[in-house]
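Below you'll find the structure, written out as structure tokens, and then a few comments.
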Protein chains: 2
Amino acid sequence: MGPEEFRAAGHELIDWIADYRGRIPQLPVQAQVAPGEVAGKLPSHAPEEAEPFSQVLADLDGIVVPGVTQVQHPRHFGWFPSNASLASVLGDLAASGLGSLGITWQSAPALTEVEEVMAEWLRELTALPASWKGVISDSASSACLVAMLAARERATDYSKARGGLQSQSAPLTVYTTAHAHSSVPKAVALAGYGLGNLRFIDVDPVTYAMRPEALAAALAADVAAGLRPAAVVASVGTTGTTAVDPLAQIVPLARRHGAWLHVDAAMAGSALMLPEMRWLVDGVEGADSLAWNPHKWLGTVLDCSLLYVADPDHLIRVMSTSPSYLRSAVDGEVTQYKDWGIPLGRRFRALKLWFHLRLDGAEAIRARLRRDLGNARWLAEQVSSTPGWRVLAPVNLQTVVLRHEPPGAVSGTGAVLDADALNAHTLGWADWVNASGAALVTPSVLDDMWSVRVSVGAEPTERHDVEALWRLLKEAVESS
Amino acid sequence: MGPEEFRAAGHELIDWIADYRGRIPQLPVQAQVAPGEVAGKLPSHAPEEAEPFSQVLADLDGIVVPGVTQVQHPRHFGWFPSNASLASVLGDLAASGLGSLGITWQSAPALTEVEEVMAEWLRELTALPASWKGVISDSASSACLVAMLAARERATDYSKARGGLQSQSAPLTVYTTAHAHSSVPKAVALAGYGLGNLRFIDVDPVTYAMRPEALAAALAADVAAGLRPAAVVASVGTTGTTAVDPLAQIVPLARRHGAWLHVDAAMAGSALMLPEMRWLVDGVEGADSLAWNPHKWLGTVLDCSLLYVADPDHLIRVMSTSPSYLRSAVDGEVTQYKDWGIPLGRRFRALKLWFHLRLDGAEAIRARLRRDLGNARWLAEQVSSTPGWRVLAPVNLQTVVLRHEPPGAVSGTGAVLDADALNAHTLGWADWVNASGAALVTPSVLDDMWSVRVSVGAEPTERHDVEALWRLLKEAVESS
């Protein structure tokens, strides 16, 4: 396809996207397709001849749109906000159009330097420590793995250059809570520590936050047993309940044992743009790394995760390679992001952050985040003050974890049966909501019982959408 | 930014990209900026208020374009082809516009199922084994790490669930050659094996391909010493010289020792679209995994790497997580790509493959690949038949590794001095070419001497561009 054909098709696609974004409120939130239905509509073989663009565009409408859950919908309250702001979509288009190759500074100096500046802009906007340096990666999962690898190499004095983790005599241990994101145990397993060496520290029964005294006890017990604490992963805003592990108390414990302290703030990081929310990371100055995802609540289109480290030289020593065909005369003067993570070739992801911040402006983004916090508080108040309904966890951010507990379901003597019946009721009405297409919520398990997470924060979600959701929830428990 | 503002800005950006692509031939290939120059043009702080789109667009021209090396240039012969076909740019724009969230099948069924179909289309187009299943990842580096993790877990019977690699008694070993991509030792180090357990097997002095008899000897020696061979990484098209490790002989050796056989075909994979090039992977049927990058020569815009595995169930067992908030009623019936790699949240990358294959068609892509192979052969013939010039490695694909060896530089008695002088000469003229902006080539070390790689295969590169390069190289050795 040449530039002129691209121009014509590109204009059509821009119009298609603008129209699509405009009509999302009329679409069902949850995809209404059965397993295999989308694949069944595609030919079994690649086309030998070029097809007209009109046909491809028609398949976006006929196959793709009905086949995706509309997370840009104003009534998407599922999982977490996964906003794809249109300003950032333009930035990502510019990156694709440029077709730059991010392997070294030399291959695309602007790709590297705009990324450095964006990491710094966002560091300042979120008031993270001034000496920290950031890098864009694809996900908080990858960032957590990178942190666990950096921790491993620090604890073993760069065993990677010798016998690796296989030569380690005192087994390394890692600490987090059972409320940490699933990517934390995954990273611990992939980094080779073994899940047998991962400790799930007790949480407070009300806040679901890590109990520092339980961490202290676990660290002491392991050290006494001859083990070597290598890392602690603290969650700031857990996925389940947005619980906030208290960094001010956890960080000194990790430092005392020489353990790497990684902060997973994947969703909550956006809130650090608001001065009144910076209590979330009180004590973060002593941490080693922190990851958060602009591709969630902030709204920079997937994939865009920021990993900050206090000691970039250490990270580079863990990750660097220097084959002859990638060397240049300026190597000592420039940042080589290939040595800050796993992939060599990288997209120009900084452009979408640049476009997003410039075309929306920081103040408008803050206003939207405050709107969402207010909407979540409003919903929590309605739920708390309505008989038969309960809010199950502190509303620290924009997520409300709730349950409808009809009379009889939790009372009486048949406790086990009641729990099963209550679980069936919860899953039943949540499914009714989701199947309706009118809104999306996420069932999740809390304290061994099913609950429902309402995650407020889709870019177009206004108060009236949350009000409509609340009416729908009440209808659901009657109708399901 | 709302849909109508996006519409207006989007049309402007599409025109800008079409114009930019049209004027690339007039731009210098290598970025002409000094370290810090791009960053110095950006404000120190993020904007509080929204800026007009015109200002952002002006910065693309004024800051970004001069700040990137033009790998879409017809005279880009550096590193490797990093094509960003405009058809795939449209697909990527559609993905961003949709703003889908790839965490589970449920969050975007089409994201999963189009990816399954694209992996199958490309498997068929490249004639890889019919039972293999593919997944899109960001890079061959990440894919290699995933393969090394899968190998580790197979060799240790899923030690990740217990004490990890720390509990391993017979140290695991990995085998590759010194010509393998730098991501291979990196993956081995990150997976925890330790570089002390990585064996660089001898290569043939003419073809630079792994010597199977040397591999056999290394495997036998390690087993005799009580070590446990866990993986062999074979390169099909090395970065340095496009050397091809002979799978037909290597695969049975790996299997005999129960070692995972991973094939790194990052650049060469595209050539498998051509039946006449399938000798590259003769014997691949017995391999465990293979990665190649559509984002290189094929031309699907970064980032788009395909990882194929023979045993997806094993990969899933290594990578899977199942928190309650990601469970659904259809889990057993559908593919959950989160369990095929490191990140949880994924973009709808399959769309750019879908658009690329449909809007360009397989036959036109094959014709372009054949054009590039022919152009590389033509250049190699010119070089070989010109006194003072040498082709240093077999031209298996689209890369010509060459050197100008002026009389005196390699003759005489002062061999060491001559080598230094020849290296200086090579780096000097390559630098002259690159600084001219008229073309880009990559110096690299082969047999301890600097050489120059000419990697043919940018999408717009025609024969006359290669002819012009050859004239430029001859001019360079006179002028530098």
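The values are calculated or read from the model by the stated rules, or taken from the named source; none is laboratory data. Note that the structure is predicted; figures quoted are calculated from it, not measured. Cβ: placed from backbone, ideal geometry, glycine included. Neighbour counts: every protein chain shown. Quick note on the areas: whole protein, heavy atoms, side chains included, nothing else; ligands and nucleic acids left out. Shrake-Rupley method; radii C 1.70, N 1.55, O 1.52, S 1.80 Å.
Under the condition of being on the phi < 0 side of the Ramachandran plot, at the interface with chain B (Cβ under 7 Å from one of its Cβ atoms) and of a type outside the set (A, V, I, L, M, F, W, C), which residue from the range A:153-169 is most open to solvent (accessible area, probe 1.4 Å)?
Initially, the range A:153-169 is screened for residues on the phi < 0 side of the Ramachandran plot, giving A:153-156, A:159-163, A:165-169.
Narrowing the set further to residues that are at the interface with chain B (Cβ under 7 Å from one of its Cβ atoms) leaves A:159-163, A:165-168.
Adding the requirement that they be of a type outside the set (A, V, I, L, M, F, W, C) leaves A:159-160, A:162-163, A:166-168.
Values: A:Ser159: 3, A:Lys160: 27, A:Arg162: 112, A:Gly163: 17, A:Gln166: 24, A:Ser167: 71, A:Gln168: 39 Å².
The qualifying residue most open to solvent (accessible area, probe 1.4 Å) is A:Arg162.
Here is a yes/no grid of residues against (1) among the acidic types (Asp, Glu); (2) closer than 30 Å to A:Ser451 by Cβ:
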| site | (1), (2) |
| --- | --- |
| A:Ser305 | no, yes |
| A:Arg327 | no, no |
| A:Asp360 | yes, no |
| A:Leu392 | no, yes |
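So, in the range B:68-85, how many residues would count as being in contact with a helix residue (DSSP H, G or I) (Cβ under 7 Å, 6 or more places away or on another chain), open to solvent by less than 10 Å² (accessible area, probe 1.4 Å) and facing chain A (nearest Cβ under 7 Å)?
3
Mind listing just one residue for me: the one in the range A:261-271 that is touching a strand residue (DSSP E or B) at 6+ places or on another chain (Cβ under 7 Å) and open to solvent by 10 Å² or more (accessible area, probe 1.4 Å) and, of those, nearest to A:Gly78 (Cα to Cα)?
Among residues in the range A:261-271 that are touching a strand residue (DSSP E or B) at 6+ places or on another chain (Cβ under 7 Å) and open to solvent by 10 Å² or more (accessible area, probe 1.4 Å), the one nearest to A:Gly78 (Cα to Cα) is A:Ala266.
Being over 30 Å from A:Gln70 (Cα atoms), open to solvent by 20 Å² or more (accessible area, probe 1.4 Å), more than 11 Å from every other protein chain (Cβ to nearest Cβ) and within 19 Å of the chain's Cα centre (by Cα): is that true of B:Val400 here?
Values: over 30 Å from A:Gln70 (Cα atoms): yes; open to solvent by 20 Å² or more (accessible area, probe 1.4 Å): no; more than 11 Å from every other protein chain (Cβ to nearest Cβ): yes; within 19 Å of the chain's Cα centre (by Cα): yes.
Answer is no for this residue.
Name the residues in the range B:54-102 that are β-branched (Val, Ile, Thr), outside any helix (DSSP H, G or I) and over 18 Å from A:Trp354 (Cβ atoms), would you? Steps first, answer last, please.
Of all residues in the range B:54-102, those β-branched (Val, Ile, Thr) come to B:56, B:63-65, B:68-69, B:71, B:89.
From what is left, the residues that are outside any helix (DSSP H, G or I) are B:68-69, B:71.
Those that are β-branched (Val, Ile, Thr), outside any helix (DSSP H, G or I) and over 18 Å from A:Trp354 (Cβ atoms): B:Thr69, B:Val71.
Among the residues of the range B:6-26, how many are without any contact (Cβ under 8 Å) to a residue 40 or more places away in the chain and either of a type in the set (S, T, N, Q) or crowded, with 16+ Cβ neighbours inside 10 Å (or both)?
7
Look through the range A:322-353, keep the residues that are within 8 Å of chain B (Cβ to nearest Cβ) and among the aliphatic types (A, V, I, L, M), and return whichever of them is farthest from B:Gly341 (Cα to Cα).
By that ranking, first place goes to A:Val330.
Quick grid of which residues meet (1) over 25 Å from the mean Cα position of the chain (by Cα); (2) crowded, with 23+ Cβ neighbours inside 10 Å; (3) not small (Gly, Ala, Ser):
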{"site": "B:Leu247", "(1), (2), (3)": "no, yes, yes"}
{"site": "B:Met273", "(1), (2), (3)": "no, no, yes"}
{"site": "B:Gly286", "(1), (2), (3)": "no, no, no"}
{"site": "B:Leu290", "(1), (2), (3)": "no, yes, yes"}
{"site": "B:Leu298", "(1), (2), (3)": "no, yes, yes"}
{"site": "B:Ile316", "(1), (2), (3)": "no, no, yes"}
{"site": "B:Arg327", "(1), (2), (3)": "yes, no, yes"}
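Which condition breaks for A:Asp222 when tested against (1) over 18 Å from A:Ser289 (Cα atoms); (2) out of contact with any Ser or Thr (no Cβ under 7 Å at 6 or more places or on another chain); (3) surrounded by fewer than 24 Cβ atoms within 10 Å (Cβ to Cβ)?
Condition (2) is where A:Asp222 drops out.
Limited to the range A:180-200, what total is found for residues that are surrounded by 24 or more Cβ atoms within 10 Å (Cβ to Cβ) and either among the hydroxyl-bearing types (Ser, Thr, Tyr) or more than 9 Å from chain B (Cβ to nearest Cβ) (or both)?
Number of matching residues: 4.
Considering each of B:Arg358, B:Arg371 in turn, give the residue that is part of a helix (DSSP H, G or I), in contact (Cβ under 8 Å) with a residue 40 or more places away in the chain and open to solvent by 20 Å² or more (accessible area, probe 1.4 Å).
Numbers: B:Arg358 fails: open to solvent by 20 Å² or more (accessible area, probe 1.4 Å).
Unique residue meeting the criteria: B:Arg371.
So, in the range B:1-44, how many residues would count as being more than 7 Å from chain A (Cβ to nearest Cβ), among the aliphatic types (A, V, I, L, M) and closer than 17 Å to B:Val64 by Cβ?
The number of residues fulfilling the criteria is 4.
Among the numbered criteria (1) open to solvent by less than 40 Å² (accessible area, probe 1.4 Å); (2) not in a loop (DSSP other than H, G, I, E, B), which one does A:Leu427 miss?
Among (1) open to solvent by less than 40 Å² (accessible area, probe 1.4 Å); (2) not in a loop (DSSP other than H, G, I, E, B), A:Leu427 violates only (1).
Condition (residue is among the charged types (D, E, K, R) and over 30 Å from B:Lys160 (Cβ atoms)) applied to the range B:330-344: is it met by at least one residue?
Taking the range B:330-344 as the starting set, the residues that turn out to be among the charged types (D, E, K, R) are B:331, B:333, B:338-339.
Then keep just the ones that are over 30 Å from B:Lys160 (Cβ atoms); that gives none.
Checking the range B:330-344: not a single residue is among the charged types (D, E, K, R) and over 30 Å from B:Lys160 (Cβ atoms).
Please verify whether the range B:301-311 includes one or more residues that are of a type in the set (A, V, I, L, M, F, W, C), out of contact with any Pro (no Cβ under 6 Å at 6 or more places or on another chain), surrounded by 24 or more Cβ atoms within 10 Å (Cβ to Cβ) and in a loop (DSSP other than H, G, I, E, B).
Yes, the range B:301-311 has at least one match.
Could you list all residues from the range B:430-463 that are surrounded by fewer than 17 Cβ atoms within 10 Å (Cβ to Cβ) and of a type in the set (A, V, I, L, M, F, W, C)?
Matches in the range B:430-463: B:Ala435, B:Val445, B:Met449.
So, in the range A:445-480, of the ones that are hydrophobic (A, V, I, L, M, F, W, C) and in a loop (DSSP other than H, G, I, E, B), which residue ends up nearest to the other protein chains (Cβ to nearest Cβ)? Reasoning before the result, please.
Taking the range A:445-480 first, the residues hydrophobic (A, V, I, L, M, F, W, C) are A:445-446, A:449-450, A:452, A:454, A:456, A:458, A:466, A:468-470, A:472-473, A:476-477.
Next, only the ones that are in a loop (DSSP other than H, G, I, E, B) stay: A:456, A:458.
Numbers: A:Val456: 16, A:Ala458: 10 Å.
Top of the filtered list is A:Ala458.
Residue-by-condition table, conditions (1) in a loop (DSSP other than H, G, I, E, B); (2) at pLDDT below 95; (3) farther than 19 Å from B:Glu153 by Cβ:
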residue: A:Ala147; (1), (2), (3): no, no, yes
residue: A:Arg152; (1), (2), (3): no, no, no
residue: A:Leu215; (1), (2), (3): no, no, yes
residue: A:Thr242; (1), (2), (3): yes, no, yes
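Among the residues of the range A:45-66, how many are at the interface with chain B (Cβ under 7 Å from one of its Cβ atoms) and over 13 Å from B:Leu351 (Cα atoms)? Lay out the reasoning, then the answer.
Within the range A:45-66, the first condition is being at the interface with chain B (Cβ under 7 Å from one of its Cβ atoms), and the residues that meet it are A:45-51, A:53, A:56, A:60, A:63-64.
With the extra rule that they be over 13 Å from B:Leu351 (Cα atoms), the set shrinks to A:45-51, A:53.
Selection size over the range A:45-66: 8.
Quick one: in the range B:379-395, which of the residues that are assigned to a loop (DSSP other than H, G, I, E, B) and of a type in the set (A, V, I, L, M, F, W, C) is nearest to the chain's Cα centre (by Cα)? It would help to see each step written out before you state the result.
Pass one, the range B:379-395, residues assigned to a loop (DSSP other than H, G, I, E, B): B:385-388, B:392-395.
Now drop any that are not of a type in the set (A, V, I, L, M, F, W, C), which leaves B:392-393, B:395.
Working: B:Leu392: 22, B:Ala393: 20, B:Val395: 18 Å.
Among those residues, the one meeting the criterion is B:Val395.
Would you confirm, using the coordinates I've provided, whether A:Glu115 is more than 9 Å from chain B (Cβ to nearest Cβ), among the charged types (D, E, K, R) and part of a helix (DSSP H, G or I)?
On the way: more than 9 Å from chain B (Cβ to nearest Cβ): yes; among the charged types (D, E, K, R): yes; part of a helix (DSSP H, G or I): yes.
Here the answer is yes, as A:Glu115 does meet what is asked.
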